Every structure is written in C-alpha cells, then in structure tokens.
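Here the structure is laid out as structure tokens; the discussion comes afterwards.
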Amino acid sequence: MKKFILLSSLCSTSAFSIDLPNFIDKNEINNAEFKCLTTQPNYTPEEMKLVNLLWDESIKYLEGYVKSITTSTDSQCLNSAISVIETNTPQLTGPTRQCIMDNVDMQRLVKHVYTVINNKDKAFKCFTPQKNAKELYSPSEQLKQASPVAQWLNRPSLKDYYSSISNDSLKMAGIRFYNNFYKMVTGKAIKMPTSFPYDISATNLPNLWASVGWVPLYSNNKEHSINAGEEAFRGGYAYGEIMGHWGLLQIDTINGEPVGAEIGMTVQAMDSFYPYHFHNNPEIYYTIREPRCLNSIQQFIVGKNNKLFNVINENSNSRTLEFNGATTMNVSHYWLSTTPTKDELLYIPRNSIHAFNLKENCEINPQESAHVTVWARSMSHEKNNDYGSTLVCQLKNTTQSKNKINDKDANVICKQNQQIY
C-alpha cells in the first residue's frame, strides 16, 4: 500500500470560476496590476508577429503546467496532483507523497500564473524574447530550422559555446549534447503525464523549446561548476526559463505581491549523474520522457529532518551535513525511479538534499536519450536567500578527483544556509 503524508487539500471539484481553483479569489486577479522587471523593446510589425507566436506558446506552456498540478492524479488528493517529497525514510517505509497543492507556495505560484492568463495584455508588457541576451543559447540546429522565431532570434548555439572551451572532455560532452538534443526532446519517448490537458513538449510547442534560451549551468570555470565533477554531466545539462527573474516573462510583483514563480524545462543527458545538491527554493520536476527501462532515471530526495545525514555543525545561520553513500546501509532504497507514468512529479522542499542518477540505464542509444522535465521553482524572489541558488555538496576528501562526486557512494559535505526554512 502506498504511503501518504497528506494535508487537507485546498482545491474542490465544484467551485470553479472562469476555470479557477477555488483558493483563488476572482476579484484578486481581475484587473490585476503588474510591475515588470524588464522593459519591452520596440518591434517592427514583422517582428511583433514572431514575438506574439512565442508569447502564445509560452502562455500555453504555463497554462498546461498549472492545470496539471491542480488535476487529481490519486484518490487521496482533491484537484491536486500527487508528488514525491522524500524518496524514503530511515525506517525504510517507502517514499513520502503529498498533494502538491497543499503547499502555500504552490498555491501562490498557481494564482500568479492564472493572473497572467486572465490579464494577458498587461502581463505581455513584462514579456521579451531577450534577443541579444548574453549566456542564452540555441540548443539544436534542427529545432532552430523548425522555428521562425528561433531563426529571427539567431542566438549563438550551444555548439558555438562549447567549441570555445579549452577543456577537451567538456567540449566533447557539450557538442555531443547539442548534436543529440533534438532526439532527446522529440519522438515517441516524449510522453506527457496524464494530468496534463495537452502536450507542452517540443513536439507541440516547437518555437518555445527552440527559442526560450538555454543555459548550460555547470559548464563554466566557477567553483560550483567544477565541484559538479564529470564533464559528461557538466556538458550534458541545460535548462530554459519561460517565466521568472531570468526568463522571457519577468514579473516583479502582481498587485504588490512579489512573484517567485520560475517555470521552464530541463534536459540532462543519459549516462550522467547530477551530484548531491540543495537550495532554499522549493523545486518541482515533472518527468516527460519515457526511459527504456524502469530504473534508467533514478532520483534521490532526503529532507532536513531525515537521520540519513549526520549533522556536523549547526547554528542559527548555517547547517553542515555529511553523507557517505558507501557506508550507508540500504542506501539503494533511497533511490526511486521516475517515468511519465510512475512517480512523475517531484516537489523538493527547502534544503532537501537531492540528486539524479542516469548512469544505470539500458538505453539502446544512450547518447540520444535524456531526462527531460517540466521544471519550476516557487520562491525565486527571496533576495536574502540569493534567489535559492543551487549549491552542490562537496567531497569530504578534497584530494580526491572531482569526478568522485558523480556517484551514489560519494562521501560529501553539504553546507546549508539555515536562515530560511
């Protein structure tokens, strides 16, 4: 029998006003006031047609996402998807699951997206394709050729970016990622979970996926990138942001309330390991690509109060944890498979330690496969929390090769900001 830790759901089946969940006050979103983080440039009539095309696909993506998380996927939840919030407990009782809409931050995110949807003309003023933005890249030539918007934006490609890197292993991994990106995000393996009202993948929204602007997060020479270890991971991971402080739709406040929603997509190449990491900002992943085998994509989530981690030091400002996968009994039980039909939705609470293992796969052509997700964060407006920046745990033995961190059995130290929980 599944284990659930559930709060009373705040959605109902009967109270919908203009397709709104009942925790949203219709009067609060009607005639809402928006404060933008960016100024929209002037466009020619021909450019405006392309901007509108990207805007329409962005709205479709955002609406599909919020409808999915407010759709019941289990009898335990009323108009709310069920999410995994921890992959096991010290008692090995199995994963902990929760109605995702029982979280206040998720209710706020949904409210803000519906406010955008119901005030499109006002929200559009906060929307810009970021045509000349630095550090945003085109992920695939095939996607670009299928998108007039991407051709107009003409962003530098991930191939251009990786070709300029001096680290040969990282360069090769990045170019391989670029060459296979189209196959990773399209094709029969892409499957939307049943809670989605329609397809929001690259298949159905090609302009958005080609044009959003992709960030190769771990590919630079900064400490957090180097600590991420293997070039196969560092060159095989990227994300795109549609809504958020660094995305296409940049909203500071709605009716004076800070907007923390950060919504987009991620792609992680197969045969790679996203090392143990954490952040204060709650994070959400929806798996939308079917792996060939059930255990090809494995996830690890352990919360703050889980005794799996040894607390080395703790005060009001910080908390230092140690985890040794090699000496932890039953560590394999903390790794849970994810597919579009099995534990497809993760809600990762503040400062939970999590990781993704894509090394133990059975893909016929692993270089063409990936973990593809609909991704979000809910509280990215918190400046005193450095906007929830991702922090990778570090190897306890600093003399070891950095690549040792890309393993379930890694021995790591995680230094957390404890000022916000």
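The values are calculated or read from the model by the stated rules, or taken from the named source; none is laboratory data. All figures in this text were calculated on a predicted structure; none of them were measured in a lab. We place every Cβ from the backbone using ideal geometry, glycine too, and count neighbours over all the protein chains shown. With ligands, DNA and RNA removed, areas are computed over all heavy atoms of the protein, side chains included. Shrake-Rupley method; radii C 1.70, N 1.55, O 1.52, S 1.80 Å.
Going by the structure shown, is G187 open to solvent by less than 40 Å² (accessible area, probe 1.4 Å) and of a type outside the set (A, V, I, L, M, F, W, C)? Spell out the reasoning first.
Values: open to solvent by less than 40 Å² (accessible area, probe 1.4 Å): no; of a type outside the set (A, V, I, L, M, F, W, C): yes.
In short, no.
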Go through segment 229-245 and count every residue that is modelled with pLDDT under 95 and in contact with a helix residue (DSSP H, G or I) (Cβ under 6 Å, 6 or more places away or on another chain). 0
Do the conditions hold for E33, that is, is it more than 24 Å from the chain's Cα centre (by Cα) and either hydroxyl-bearing (S, T, Y) or open to solvent by less than 80 Å² (accessible area, probe 1.4 Å) (or both)? no
Considering only residues that are of a type in the set (A, V, I, L, M) and open to solvent by 10 Å² or more (accessible area, probe 1.4 Å), look in segment 190-237 and name the one that is nearest to S389 (Cα to Cα). L217
Any residue at all in segment 323-332 that is out of contact with any helix residue (DSSP H, G or I) (no Cβ under 9 Å at 6 or more places or on another chain) and in a helix (DSSP H, G or I)? yes
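Tell me, which residue of segment 87-110 that is touching a residue at least 60 places away in the same chain (Cβ under 8 Å) and open to solvent by 30 Å² or more (accessible area, probe 1.4 Å) is nearest to the chain's Cα centre (by Cα)?
Pass one, segment 87-110, residues touching a residue at least 60 places away in the same chain (Cβ under 8 Å): 87-90, 92-103, 105-110.
Those still in the list that are open to solvent by 30 Å² or more (accessible area, probe 1.4 Å) too: 90, 92-93, 108.
Working: P90: 27, L92: 27, T93: 27, R108: 17 Å.
Here the residue is R108.
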Selected residue (only one of D252, D271 is in a loop (DSSP other than H, G, I, E, B), modelled with pLDDT of 95 or more and not small (G, A, S)): D271
